[in-house]
1. Any idea how far the Cα center of region 30-105 sits from the one of region 155-172, in Å?
2. Taking only C-alpha pairs under 8 Å that are 6+ residues apart, what is the relative contact order of region 9-198 in percent?
3. Measure out, as a whole number of angstrom, how far apart the alpha-carbon centroids of region 290-315 and region 227-278 sit.
4. What is the extension gain from Phe19 to Phe320, computed as 0.36 nm multiplied by their sequence separation minus the C-alpha to C-alpha distance, in nm to one decimal?
5. Give me, ordered by chain and number, the residues 5 or more places off Tyr280 or on other chains with an amide H under 5 Å from its own placed amide H.
6. Past 30 Å, Cα to Cα: identify those pairs from Lys218/Lys312; Lys245/Lys354; Lys218/Lys261; Lys73/Lys261; Lys312/Lys352, in the order given.
7. May I ask you to derive the FRET efficiency for Tyr176 and Lys218 from their Cβ-Cβ distance with R0 = 51 Å, giving the value to the nearest 0.05?
8. What order do you get for 106-115, 197-206 when each peptide is scored by the mean count of other beta carbon atoms within 10 Å, highest first?
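Values quoted throughout were computed directly from the atomic coordinates according to the rules given, and no laboratory measurement underlies them. Only a predicted model underlies this, so the values are computations on that prediction, with no experimental measurement involved. Note that each Cβ is placed from the backbone with ideal geometry, even for glycine, and that neighbours are counted across all protein chains shown.
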Amino acid sequence: MTMIPRDDPSQAVRIRRFFIAFTAYMIWLVLIVYCHYLDFIRLTIWQTGFLYSIFIVVNIAIYALLRSGLNRKFADPSLTVPQMVAATIGTMVVIYFTDEIRALMLLIYFMTFIFGVFRFNTRQYFSFALFTLLSYSLVVLMLFYHHPETVDAGIEILQLLIFGTVLFWFSIIGSYISSLRNRLSASNHELSHAIMTIEALATHDDLTQVYNRRHMFKVLQQVKSLADRSGIPFSIAIFDLDHFKRVNDLFGHQKGDDVLKRVARAVAGVLRESDVLARYGGEEFIVIMPSTEIAGAVDCAQRIHRNLYSLKFTGFPDTFQVTISTGITAYRSVENIDDLIYRADNALYRAKAKGRNRMEIEFSEGHGQQEYSDGAA
């Protein structure tokens, strides 16, 4: 298992942010050790090590939540607030044990604040700024009580005022950046959705929502290229709704459209995942069957005929029934797409000429074979 998941982009982003924060904290810990070496911190080496241990354990726990996916159960899967609160408490401890360079240590707070831009809004930023200010005030009060010799009231009050002012403006800028980020993210989402919609409109038929004629030719070219390279066969079937003009004449074009949509859904439901259904034009559809010989194409066409034969249509008389005529053929090596479709069309024409509601197969130029005369067969 990798430290950063490769199959979950959202989790990967969260864990990368965690490691950025962890690296920044580690740099500060190295600086704290140096401060200990210069006697700027009232901690023994063992106490410093203990704080290090707590820091490591807390971060391991956070990483475990992120890596296990349990973080998704929280309102904020990034665990922004818990991480920032933990960092703030750690900063309080460091500042409490720091004397001469206490003001410099306040910079650690701002490092923590930076990570709020990933998630915080204005209210959250101000709330966290208040929490940070109160935490520092608590540190000063504890120093007044336990180590008054290290505190100058006038300087501490001035530092507190300056710190609070900077936090206030930092919150405004941070929330503004966060707002820009959220708007950019929303714009990107809308753009992605628009691109997907455009792609769907470019490849799908508006009425039936199956692939359109343009995409059909693209798919045919792809399976043809594969067949020419590897010899993998494919077949196609073109079917036409019998006497569809009567449906429009008797029930209206709106009802005719409903029939086309219902037929398209029913046919798609009996196809394999690898098969492609497209609207060829009007009431004609084409099924592209990769890795399929003639026998397999006939089986597929038979399933379609049986399914449509028993199909019921809402808003039509109980006696209303849709039948189709189908022309089937298999691809011949290195032939062009137009010739392939021409042969399937020839088979379809024969099926219509022989009474409709049947399938015809075109094995080769000018030669056909009748397979079924009844869609229920």
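1. The distance from the Cα centre of region 30-105 to that of region 155-172 comes to 22 Å.
2. Working: 110 pairs, mean separation 38.7, N = 190.
Result for region 9-198 is 20 percent.
3. 10
4. 101.8 nm
5. Phe285, Ile286
6. Details: Lys218/Lys312 33 Å; Lys245/Lys354 19 Å; Lys218/Lys261 23 Å; Lys73/Lys261 40 Å; Lys312/Lys352 23 Å.
Over 30 Å apart, Cα to Cα: Lys218/Lys312; Lys73/Lys261.
7. Values: r = 46 Å, r/R0 = 0.90.
After rounding to 0.05, the efficiency reads 0.65.
8. On the way: 106-115: 18.1, 197-206: 12.7.
Top of the packing list down: 106-115, 197-206.
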